[in-house]
2 protein chains.
Amino acid sequence: MKPLPLSQVRITGGLLAERQRVNREVTLSIEYRQLEKTSRLGAWRFDWKPGQPNQPHFFWDSDIAKWIEAASYSLVHDPDPALQRQVENAIALLEKAPRPDGYVNSHYTVVEPENRWTNLRDKHELYGIGHLMEAAVAWHEATGRDDLLRIMAECADHVRSVFGRGKGKKRGYPGHEEIELALVKMYRSTGSADYLDLARYFVDERGRKPYYFDQEARKRGEDPAKYRFGDYSYCQAHKPVREQDQVTGHAVRGMYLYSAMADLALETKDRELALACRRIWKDLTDHHLYVTGGIGQTCRNEGYTTPYDLPNETAYAETCAAIGLAFWAHRMLRLDLDGKYADVMERALYNGVLSGVSQDGRRFFYANPLAAWPDLPPTESYIHLQRQDWFGCSCCPPNIARLLASLPLYMYSASDRVVAIHLYASSEMEVEMKGVTVRLSQKTDYPWKGDVRLRIDPDQVKHWGLVLRIPGWCRRVEAKINGERTKLVIRKGYATIRRKWSPGDEITLSLDMPVERIEAHPKVRQDAGRIALQRGPVVYCLEEVDNGSDLNDIRLPRDAQLRVQWDQGLFGGTPVIWGKGERRDSRKWDGQLYSSKPSRIRPCRIQAIPYYLWANRGLGEMLVWIRE
Amino acid sequence: MKPLPLSQVRITGGLLAERQRVNREVTLSIEYRQLEKTSRLGAWRFDWKPGQPNQPHFFWDSDIAKWIEAASYSLVHDPDPALQRQVENAIALLEKAPRPDGYVNSHYTVVEPENRWTNLRDKHELYGIGHLMEAAVAWHEATGRDDLLRIMAECADHVRSVFGRGKGKKRGYPGHEEIELALVKMYRSTGSADYLDLARYFVDERGRKPYYFDQEARKRGEDPAKYRFGDYSYCQAHKPVREQDQVTGHAVRGMYLYSAMADLALETKDRELALACRRIWKDLTDHHLYVTGGIGQTCRNEGYTTPYDLPNETAYAETCAAIGLAFWAHRMLRLDLDGKYADVMERALYNGVLSGVSQDGRRFFYANPLAAWPDLPPTESYIHLQRQDWFGCSCCPPNIARLLASLPLYMYSASDRVVAIHLYASSEMEVEMKGVTVRLSQKTDYPWKGDVRLRIDPDQVKHWGLVLRIPGWCRRVEAKINGERTKLVIRKGYATIRRKWSPGDEITLSLDMPVERIEAHPKVRQDAGRIALQRGPVVYCLEEVDNGSDLNDIRLPRDAQLRVQWDQGLFGGTPVIWGKGERRDSRKWDGQLYSSKPSRIRPCRIQAIPYYLWANRGLGEMLVWIRE
């Protein structure tokens, strides 16, 4: 099975369509203005001179690239001449760039050309090139235009001439992975195996001894032992990737690497790489995954700490890392049709990813903590409790834009004999199978309701299989075919209905969607005695604006009834969860920090909103894990 | 009322006597060896030359000074020729030091004499001198010897010639307070008001604008705005001390300053200073005090964060800060006879202070967290979960030695007409009152039992008042005079018995001492839904060695019976608290990080030990605040 290309799937309504609309109408143009305002786009004039302000940074190209990619996806279903012109302008700048040998990086071209390729460990040359390759492929697929693709093909040739195992080549690989998965996209788009080979080289060279990063550091006159992050597990280069079995270091880097590993495992039928992916996945999901799909517990390495250590207030859970997790999960799902991958993909999407952008599409989170306390000491100021306009290192805003614009890619896949649905959302798709063209539409209020109506319209009556994901959060499901109950056999989170399908066939799926109380493993000390509320794939949280301050003092008794209610006035309509909790009366505490008298408990009403909506109504406390 | 001098009080048995014994027999000699081994004592040969190892550090003198002070206190009741010789040797070294103008600091004398007094903000010249003054006074009072006192008197003259409001003098004050309270001790010991004036100058000059630290930084060619700690609240010099009403910055510095302020308020009847002390005290105890008497929530400034922010695992709660709090509380108690000061003094002593040294007296904590999790990420490595032999900056070990050796000072005070008891411990004291000499002895197992037998032996029958502290933790007390019940009238934590006392009069005091469950204020999010166990003044904790791992998963139901039992096999005999709790069965959780199925709860037995005893049985989890 392959994912369906964007042109064949369109989201037509519901939450995801709304997030796509805001992304298209607001976020993309805001981000373009930021690229202009912050001199990133100007850097593609390649006319910066020493002493001038706005010295191009080595990661700037990647921000433009991700924005081009996002805009390209958006143009597939929603032509927008102004947006298209912006992309064309950007590419036109790059085409005029001085790159006789194909090399692309605005910083190294004008700031320190003599230092090109001297610090793969810390600088992001290959990373930026990778993002531009992804942009080139997306632009090509959206518009048929190959201007950017040609630039990046030349650049890829240049990279291939510099790196590899051949004589005179550098045995290097990127400190920040990205180009590996981009090269697979180049391969898939062009069919040229050179790209695949180069991706495989980068993946397999990684972490071999003697370490390239050591040698490179010594050449720069630096002591490799003084590496700021201690060892190369920070960038997953401490040992060959095939020997790795744990997530380590910087979370986003890892996600991009593992995504490429899964791609290569699929494309080259490399069982060993697939096994490594599965081992690392297990470590991630057994020990390091926030209930929101966020990953990377600490800002110190923008990555992992120790197993079961899941601090909430200081959770880094970078937006890019949740996005990267969706990328990886989607690729694992292609390797193994197993609902556990789709569950994590969906968990990340509806929580840790969507929280990265404000309701109005104008502001962004870098870190996505699971608890907020406005009086956090200023030493923890890397945690923003309000979304920001932009960042110095602004990887997250264009990353979320490209994910939202490409959401349809994650919904369906198909082979000659089956069509699979991985995500539910009102949508229309069309796919060419062996001897039949199938159109399929979904009508649903998912993720707010568990009812999905599927209409299947093959252009002829034919026998094939429809594979339906039954989400892991769902404990009871009912399905009807043309009004008649049918029993689903669920294997690894998917149920397959094989039959002769006729035009107009209809399936209704009822996924039972009560409020669930999630517990964390007893070793997660930060969540001990606490529960998270989840309904469908959506994790909820308490906010101060609805519940008053001192959210940690609220207790939700185990037997408290929880009621879901649609609140039309909130964020243009969203379900909220109501319940009866209890809390202490802090007025009785004046002037006392400790007391040995059991304090009076009073009942209170609690209201929880979807986590991804937090911090859209001003600064205040927020809490995902509620005391039980 | 004045505290009784050390020579008039002796602790004769029980926990404090045992801690004093270990301090005397083990800690003092271990610390002396460390002073030798780490070249601190060698620095007093003043023969270090550039290029040689072991360059004297500017705070080294203070470590020797505190050790001399500790040894001196110990010699009062326990003559020890070897210990006395060690002190004499140290002082002999200092006497031979090149100090034509009286200046004392081993670092600045040999390493950078040209930079003397150029960086009061960051270097610790006045701090070191202050500690040497305290040592000089203690040594003088213990032995009558004035060798060190003469050196420090000369040094004080030098300091007075350099600092002050007079023409040509520097308007400076120390970055790390300490000399202020030391000067008050010099005044009390010698009667010379010059010392008191200098102390008052330092206290009152502090924090005035334009900031001396700014001017001094500019003279060094530094930009004061680049001060590492942001502003001078770090060292309580952001505004004049009389205007301060909050604890700020580095906790130990603050404690030493506030102690001096209380001293000056008393000695000079300065109401304004006393009011400032009371305001700051209220802020500390309302918002920043750990239940262990530890203070200073974070290592980042070795001090305070924000009100009600009391992280447990990363609590800094430096041993020196708890000691400093005992100093300050003791002085506040002299200003106002109010049990709230004695309660905090006792809380700090039996918990956050005693935890600073191992049972065997050989190892030390710098930070005293209230929860320990051995898998803490290495980024938090400043928190040691096992006591250490010594530290690069080793302020805590000799500080705890001097506090333990001087414990009797904190027990009693007296005026011409009353004797007050602030701490209960088996002890003997003698005091000269107006026209009567009173000997008083306590027999008690305090803090393990609440029964205290006091025998009063005046040398003649006379009417005077005995002031008994009724600890704040005690909810019910019974007193008998010569076997007859008497009703106590308790005012601000003290009950006064005025009568004609005859030789052999006996008072028995029964302080009810059940296990208390302490709650923290609803705004303390880290302790929400949790209780601390306290019995008498002693706070308890759970350790992994007694309770298995995942301590945070243990819940102690509100109605759980708690039983106290003496465990003779543990630490040579200590009470432990037993109770029935419950926890989840983590074996059911294999391979799962989250679950929406309510997990099976199983009953478990919990055992809590006194907090100060934690980490004496190997590395493991520890927890003060238990889920309820």
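Screening A:Asp590, A:Asp553, A:Asp559 for residues that are within 30 Å of B:Gly294 (Cα to Cα), out of contact with any strand residue (DSSP E or B) (no Cβ under 9 Å at 6 or more places or on another chain) and charged (D, E, K, R) leaves exactly one candidate, A:Asp590.
Within the stretch A:520-532, if we keep just the residues that are assigned to a loop (DSSP other than H, G, I, E, B) and not small (Gly, Ala, Ser), the residue that is farthest from the other protein chains (Cβ to nearest Cβ) turns out to be A:Val524.
Checked against the criterion of being more than 30 Å from A:Val438 (Cα to Cα) and open to solvent by 30 Å² or more (accessible area, probe 1.4 Å), the candidates A:Arg10, A:Arg45, A:Arg40 yield just one match: A:Arg45. Name every residue in the stretch B:384-406 that is under 30 Å from B:Glu313 (Cβ atoms) and open to solvent by less than 10 Å² (accessible area, probe 1.4 Å), in order of residue number. Answer for the stretch B:384-406, where residues must be under 30 Å from B:Glu313 (Cβ atoms) and open to solvent by less than 10 Å² (accessible area, probe 1.4 Å): B:Arg387, B:Ser394, B:Cys396, B:Pro397, B:Pro398, B:Asn399, B:Ile400, B:Ala401, B:Arg402, B:Leu403, B:Leu404.
Where residues in the stretch B:183-213 are among the hydroxyl-bearing types (Ser, Thr, Tyr) and within 20 Å of B:His140 (Cα to Cα), which of them is farthest from the chain's Cα centre (by Cα)? Even if it seems obvious, please write down each step before you answer.
Step one: filter the stretch B:183-213 for residues among the hydroxyl-bearing types (Ser, Thr, Tyr), giving B:187, B:189-190, B:192, B:195, B:201, B:211-212.
Still in the running and within 20 Å of B:His140 (Cα to Cα): B:187, B:189-190, B:192, B:195.
Values: B:Tyr187: 22, B:Ser189: 22, B:Thr190: 25, B:Ser192: 28, B:Tyr195: 24 Å.
The residue in question is B:Ser192.
B:Ala92 - would you say it is surrounded by 23 or more Cβ atoms within 10 Å (Cβ to Cβ), in a helix (DSSP H, G or I), small (Gly, Ala, Ser) and more than 27 Å from the chain's Cα centre (by Cα)? So B:Ala92 does not fit the description; no.
If I ask for residues that are within 11 Å of chain B (Cβ to nearest Cβ), of a type outside the set (Asp, Glu) and not in a helix (DSSP H, G or I), which ones from the stretch A:580-594 would you list? Listed by number, the residues that qualify are A:Arg583, A:Arg584, A:Gly591, A:Gln592, A:Leu593, A:Tyr594.
I'm checking my understanding of the structure. Among residues of the stretch A:473-496 that are aliphatic (A, V, I, L, M) and assigned to a strand (DSSP E or B), which one is farthest from A:Arg455 (Cα to Cα)? Before the answer, list the steps.
Kept after step one, since they are aliphatic (A, V, I, L, M), are these residues of the stretch A:473-496: A:477, A:479, A:481, A:488-490, A:495.
Checking the rest, the ones that are also assigned to a strand (DSSP E or B) come to A:477, A:479, A:481, A:490, A:495.
Numbers: A:Val477: 18, A:Ala479: 13, A:Ile481: 10, A:Ile490: 21, A:Ala495: 17 Å.
That would be A:Ile490.
Using the structure shown, decide if B:Trp48 is aromatic (Phe, Trp, Tyr) and either under 26 Å from B:Gly144 (Cα atoms) or at pLDDT below 95 (or both). Judged against the criteria, B:Trp48 is not a match. Comparison of B:Gly465, B:Gly529, B:Gly450, B:Gly536 shows that the only residue that is touching a Lys or Arg at 6+ places or on another chain (Cβ under 7 Å), within 30 Å of B:Ser355 (Cβ to Cβ) and of a type outside the set (Phe, Trp, Tyr) is B:Gly529.
Determine, yes or no, whether B:Leu542 is modelled with pLDDT of 95 or more and either of a type in the set (Asp, Glu) or in a loop (DSSP other than H, G, I, E, B) (or both). Taking the combined requirement at face value, the residue does not satisfy it. Residues of the stretch A:546-555 that are of a type outside the set (Gly, Ala, Ser), open to solvent by 10 Å² or more (accessible area, probe 1.4 Å), within 8 Å of chain B (Cβ to nearest Cβ) and not in a strand (DSSP E or B): A:Asp550, A:Asn552. Inside the stretch B:299-328, residues that are within 8 Å of chain A (Cβ to nearest Cβ) and within 20 Å of A:Tyr594 (Cα to Cα) make up a count of 5.
Kindly check whether there is at least one residue in the stretch A:507-518 that is open to solvent by 40 Å² or more (accessible area, probe 1.4 Å), of a type outside the set (Ser, Thr, Tyr), in contact with a Gly (Cβ under 8 Å, 6 or more places away or on another chain) and in a loop (DSSP other than H, G, I, E, B). Checking the stretch A:507-518: at least one residue is open to solvent by 40 Å² or more (accessible area, probe 1.4 Å), of a type outside the set (Ser, Thr, Tyr), in contact with a Gly (Cβ under 8 Å, 6 or more places away or on another chain) and in a loop (DSSP other than H, G, I, E, B).
Out of all the residues in the stretch A:358-369, is one or more among the hydroxyl-bearing types (Ser, Thr, Tyr), assigned to a loop (DSSP other than H, G, I, E, B), in contact (Cβ under 8 Å) with a residue 60 or more places away in the chain and touching a strand residue (DSSP E or B) at 6+ places or on another chain (Cβ under 9 Å)? Looking through the stretch A:358-369, at least one residue is among the hydroxyl-bearing types (Ser, Thr, Tyr), assigned to a loop (DSSP other than H, G, I, E, B), in contact (Cβ under 8 Å) with a residue 60 or more places away in the chain and touching a strand residue (DSSP E or B) at 6+ places or on another chain (Cβ under 9 Å).
Could you tell me which residue of the stretch B:467-481 is most open to solvent (accessible area, probe 1.4 Å), considering only residues that are of a type in the set (A, V, I, L, M, F, W, C) and more than 13 Å from chain A (Cβ to nearest Cβ)? Full working, then the answer.
In the first step, residues of the stretch B:467-481 are kept if they are of a type in the set (A, V, I, L, M, F, W, C); the result is B:467-468, B:470, B:473-474, B:477, B:479, B:481.
If we keep only those that are more than 13 Å from chain A (Cβ to nearest Cβ) as well, we get B:467-468, B:470, B:477, B:479, B:481.
Working: B:Val467: 7, B:Leu468: 0, B:Ile470: 13, B:Val477: 41, B:Ala479: 3, B:Ile481: 25 Å².
Out of the qualifying residues, it is B:Val477.
Looking for something in contact with a Cys (Cβ under 6 Å, 6 or more places away or on another chain) and more than 14 Å from chain B (Cβ to nearest Cβ) - is there at least one such residue anywhere in the stretch A:399-420? Yes, that holds for at least one residue.
Only one of B:Arg491, B:Arg453, B:Arg499, B:Arg469 is closer than 30 Å to A:Pro598 by Cβ and either among the acidic types (Asp, Glu) or touching a residue at least 24 places away in the same chain (Cβ under 8 Å) (or both). Can you tell me which?
On the way: B:Arg491 fails: either among the acidic types (Asp, Glu) or touching a residue at least 24 places away in the same chain (Cβ under 8 Å) (or both); B:Arg453 fails: closer than 30 Å to A:Pro598 by Cβ; B:Arg499 fails: closer than 30 Å to A:Pro598 by Cβ.
Result of the check over B:Arg491, B:Arg453, B:Arg499, B:Arg469: B:Arg469.
Considering only the stretch A:595-617, I want to know if a residue exists there that is away from chain B (no Cβ under 14 Å), in a loop (DSSP other than H, G, I, E, B), touching a residue at least 24 places away in the same chain (Cβ under 8 Å) and open to solvent by 40 Å² or more (accessible area, probe 1.4 Å). Yes, there is a match, as at least one residue in the stretch A:595-617 is away from chain B (no Cβ under 14 Å), in a loop (DSSP other than H, G, I, E, B), touching a residue at least 24 places away in the same chain (Cβ under 8 Å) and open to solvent by 40 Å² or more (accessible area, probe 1.4 Å). Residue check: B:Phe46 meets all listed conditions (1) under 27 Å from the mean Cα position of the chain (by Cα); (2) of a type in the set (A, V, I, L, M, F, W, C); (3) farther than 30 Å from B:Gln20 by Cβ but one, namely (1).
For (1) surrounded by fewer than 18 Cβ atoms within 10 Å (Cβ to Cβ); (2) within 13 Å of chain A (Cβ to nearest Cβ); (3) within 30 Å of A:Val538 (Cβ to Cβ); (4) without any contact (Cβ under 8 Å) to a residue 40 or more places away in the chain, each residue gets a yes or a no:
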{"site": "B:Gln534", "(1), (2), (3), (4)": "no, yes, no, no"}
{"site": "B:Glu544", "(1), (2), (3), (4)": "no, yes, no, no"}
{"site": "B:Pro557", "(1), (2), (3), (4)": "yes, yes, no, no"}
{"site": "B:Asp567", "(1), (2), (3), (4)": "yes, no, no, yes"}
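If I ask for residues that are among the charged types (D, E, K, R), assigned to a helix (DSSP H, G or I) and either in contact (Cβ under 8 Å) with a residue 40 or more places away in the chain or more than 11 Å from chain A (Cβ to nearest Cβ) (or both), which ones from the stretch B:258-282 would you list?
Just the residues of the stretch B:258-282 that are among the charged types (D, E, K, R), to begin with: B:263, B:267, B:269-272, B:278-279, B:282.
With assigned to a helix (DSSP H, G or I) added as a condition, the list becomes B:263, B:267, B:271-272, B:278-279, B:282.
Those that are among the charged types (D, E, K, R), assigned to a helix (DSSP H, G or I) and either in contact (Cβ under 8 Å) with a residue 40 or more places away in the chain or more than 11 Å from chain A (Cβ to nearest Cβ) (or both): B:Asp263, B:Glu267, B:Arg271, B:Glu272, B:Arg278, B:Arg279.
Against the numbered list (1) modelled with pLDDT under 95; (2) assigned to a loop (DSSP other than H, G, I, E, B); (3) surrounded by fewer than 18 Cβ atoms within 10 Å (Cβ to Cβ), A:Thr379 comes up short only at (2).
Here A:Ala348 meets each of (1) touching a helix residue (DSSP H, G or I) at 6+ places or on another chain (Cβ under 6 Å); (2) of a type outside the set (Val, Ile, Thr); (3) assigned to a loop (DSSP other than H, G, I, E, B) with one exception, condition (3). Residues in the stretch B:224-257 that are in a loop (DSSP other than H, G, I, E, B) and under 21 Å from the mean Cα position of the chain (by Cα): B:Gln236, B:Gln246, B:Val247, B:Thr248, B:Gly249. None of A:Gln55, A:Gln34 is open to solvent by 60 Å² or more (accessible area, probe 1.4 Å) and either touching a helix residue (DSSP H, G or I) at 6+ places or on another chain (Cβ under 7 Å) or farther than 18 Å from A:Gly130 by Cα (or both) except A:Gln55.
The values are calculated or read from the model by the stated rules, or taken from the named source; none is laboratory data. What you see is a predicted model, and the numbers here were worked out from it, not measured in a lab. Quick reminder, even Gly has a Cβ in these numbers, built from the backbone with ideal geometry, and neighbours come from all protein chains shown. Remember, those area values only see protein heavy atoms, side chains included, never the ligands or the DNA or RNA. Shrake-Rupley method; radii C 1.70, N 1.55, O 1.52, S 1.80 Å.
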